[in-house]
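Single-structure report; data block below.
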Amino acid sequence: MNKFIKKLLVIFFACAVTFTSSCAKNASDYVDYSAGVFSNLTFSLSIRGVKGNSAYNEMTKFLTEVDSEMSLTKNSVIKRFNSLAVGEEIEISSSLYELLSLAEQYRIETNGAFNVAIYPLVQAWHVSSQDMDVISGLRVPQSLPLFDEVVELNELSQAPAYSLRDSDGKYYAKKIVSRAQIDVGAIAKGYVADKCAQIAYSHGATSGIIDISGNVVTIGKWYKNGESNDFIIGVTSPRPRNGGGVICAVKTTSQKASFVTSGDYQRYYEYSYGDSVVNIPHIITKSGLPLGVAYNETTQKYYNLNDYVISATVMCDSSTYADALATASCAVSINEAIEILRGANVSAILFTADKKMYAINLGDDFLYDLANIDDYDGYLEYTLTNI
Amino acid sequence: MANLKKIEYVRSHKPLGVIDVVIITAFILLIFLSVFLPKLTTSKGASVEISVNGKASVYALNKDATIDLKVLKVIISDNQVYVASATCQNKICVHTGKIDKIGQTITCAQHKIVISVKGDNGLAGVVK
């Protein structure tokens, strides 16, 4: 009897010690960081396999540099480019040179659906980052732009705004269209997320998750409860606006995976005509109108459509590409969006205002994860089509 | 002689009885519960489930958010969730204060709203 109890106690304590030590090990596997709000973006990082804060410090240094160069809320290089006369050029960093090269490549590839030269329209619609500042809140305008003005500004935005050149290790951007103005906000978050992933790898990271204002990049496998798993990322429900939970989740088998969502449910304002209200989101479509907005020539009022893309989540290895394609998918009709995404050979999930859901190229690097389907918000309200 | 000693030893040391097993099992269970139950019930949550009329939405506890349910305004801030304002008279939900541990709830019986703190939602992150 005594021996029996002794054996039991030994087994019990062995189990308890193993359990406690495994918990302690798991808790210390990832180091979490959360940086303050820069002028245009938020940053959080969970990283494994890196000694000290070296990777985090290099990332925040890079983010600060990019923020000061590309933000439109400061006296940045972009802001100075926008004030140039046609034919004038400005020296830019190698990062901005790379970013603007990619932006032009994506503009051509998406047939103008992705376009950084829409800043005149962004200002006209009051949907710039200054107008929709995360800290100071929304500034709802007194009036909306006249439709004729929108058409004119949209024509101005269609042509390539700049040309690039490099000489003796220096980089330059020249304005080639009069009054052209650019805003790289639709691609900058993806670009910095890719660079942060590169920094993580260079510091020996074995696993990690980088979140730049909602753009997510995963590195390696997800170490959880002492096991190596595929990363599972939730997709924010587009409805209700600003308060949606997780609508579905995607598991990735890739060693580096990027997830980017664009939609009409964040950074928008409601404009009231008195007898009707129109939602004005920050994404400008190829027509020059904000996402989901149309113009009624009879009433001379803007109104919301009911069959447009309200959320586009794009998944591939490049966060820059995913960012551009997510915006481009919202800037065109649903059929054009599907065509662009299939042509780009990326995985994507689209939701439309008329409760349709399109899953494109899911099943290889990116798979549906339905383990917590009961927790998902609104998933069953949408009719799913796999493409 | 040796056999008699053995017989005497077996007689005086009864084998493990049913009651012994029950006592030992209960004892082990008691230790497990006393060690791990408080840990489970007091550990910090990872998500917030807001159920309105039986329909639930899940939010991350580490992402600040304001959820306007018309009759209640729910705030997720600093890894805690609370009701900032309510249209009802007694405002029990507002007085409940901030909650952040798994199993804690804020209830509004009048509008059938239950806000509860949950554990890990099985996700590494959420794309927004």
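Could you tell me whether segment A:352-366 includes any residue that is polar (S, T, N, Q) and in contact (Cβ under 8 Å) with a residue 60 or more places away in the chain?
no
Among A:Ser129, A:Ser83, A:Ser93, A:Ser101, which is without any contact (Cβ under 8 Å) to a residue 24 or more places away in the chain, over 29 Å from A:Thr206 (Cα atoms) and not hydrophobic (A, V, I, L, M, F, W, C)?
A:Ser83
Would you say A:Tyr201 is of a type outside the set (S, T, N, Q) and closer than 22 Å to A:Met315 by Cβ?
So A:Tyr201 fits the description; yes.
In segment B:77-116, what count of residues is obtained for those that are within 14 Å of chain A (Cβ to nearest Cβ), within 16 Å of the chain's Cα centre (by Cα) and either touching a residue at least 40 places away in the same chain (Cβ under 8 Å) or not in a strand (DSSP E or B) (or both)?
So the answer is 2.
Quick one: which residue in A:Ile108, A:Ile78 is over 18 Å from the mean Cα position of the chain (by Cα) and surrounded by 19 or more Cβ atoms within 10 Å (Cβ to Cβ)? Show your work before the answer.
Values: A:Ile108 fails: surrounded by 19 or more Cβ atoms within 10 Å (Cβ to Cβ).
A:Ile78 is the lone residue from the list that is over 18 Å from the mean Cα position of the chain (by Cα) and surrounded by 19 or more Cβ atoms within 10 Å (Cβ to Cβ).
Since A:Ala337 meets every condition but one in (1) touching a Cys at 6+ places or on another chain (Cβ under 9 Å); (2) within 14 Å of another protein chain (Cβ to nearest Cβ); (3) small (Gly, Ala, Ser), which condition does it not meet?
In the conditions (1) touching a Cys at 6+ places or on another chain (Cβ under 9 Å); (2) within 14 Å of another protein chain (Cβ to nearest Cβ); (3) small (Gly, Ala, Ser), A:Ala337 misses (2) alone.
Can you confirm whether A:Lys51 is farther than 20 Å from A:Gly214 by Cα, touching a helix residue (DSSP H, G or I) at 6+ places or on another chain (Cβ under 7 Å) and surrounded by fewer than 16 Cβ atoms within 10 Å (Cβ to Cβ)?
No; evaluated as a whole, the condition is false for this residue.
Report whether or not B:Asn53 is within 13 Å of another protein chain (Cβ to nearest Cβ) and either under 24 Å from B:Val114 (Cβ atoms) or at pLDDT below 70 (or both).
The answer is no for B:Asn53.
Would you mind listing the strands (runs of 3 or more DSSP E) fully within segment A:193-272 where at least 1 residues are within 10 Å of chain B (Cβ to nearest Cβ)?
The qualifying strands (runs of 3 or more DSSP E) are A:207-212, A:215-220, A:222-224, A:227-229, A:231-236, A:246-252, A:256-263.
Does A:Asp148 qualify as being closer than 27 Å to A:Tyr271 by Cβ and either at pLDDT below 95 or surrounded by 22 or more Cβ atoms within 10 Å (Cβ to Cβ) (or both)?
no
Being out of contact with any Cys (no Cβ under 6 Å at 6 or more places or on another chain) and touching a residue at least 40 places away in the same chain (Cβ under 8 Å) narrows it down to one residue among A:Ile182, A:Ile210, A:Ile233; which is it?
Being out of contact with any Cys (no Cβ under 6 Å at 6 or more places or on another chain) and touching a residue at least 40 places away in the same chain (Cβ under 8 Å) holds for just one of A:Ile182, A:Ile210, A:Ile233, which is A:Ile182.
Given the conditions (1) away from chain A (no Cβ under 11 Å); (2) within 20 Å of A:Tyr265 (Cα to Cα); (3) of a type outside the set (A, V, I, L, M, F, W, C), and given that B:Tyr59 satisfies all but one, which numbered condition is not satisfied?
Just one mismatch for B:Tyr59, condition (1).
Which condition number does A:Glu98 fail, the rest of (1) over 17 Å from the mean Cα position of the chain (by Cα); (2) modelled with pLDDT under 90; (3) not aromatic (Phe, Trp, Tyr) being met?
All conditions are met except number (2).
If A:Ile182 passes every condition in (1) within 14 Å of chain B (Cβ to nearest Cβ); (2) part of a loop (DSSP other than H, G, I, E, B); (3) not hydroxyl-bearing (Ser, Thr, Tyr) but one, which one does it miss?
Looking at each condition in turn, A:Ile182 falls short on (1).
Output yes when any residue across segment A:371-384 is part of a strand (DSSP E or B) and of a type in the set (Asp, Glu), and no when none is.
no
The values are calculated or read from the model by the stated rules, or taken from the named source; none is laboratory data. Note that the structure is predicted; figures quoted are calculated from it, not measured. So basically every Cβ, Gly included, is an ideal-geometry build from the backbone, and we count neighbours across all protein chains shown.
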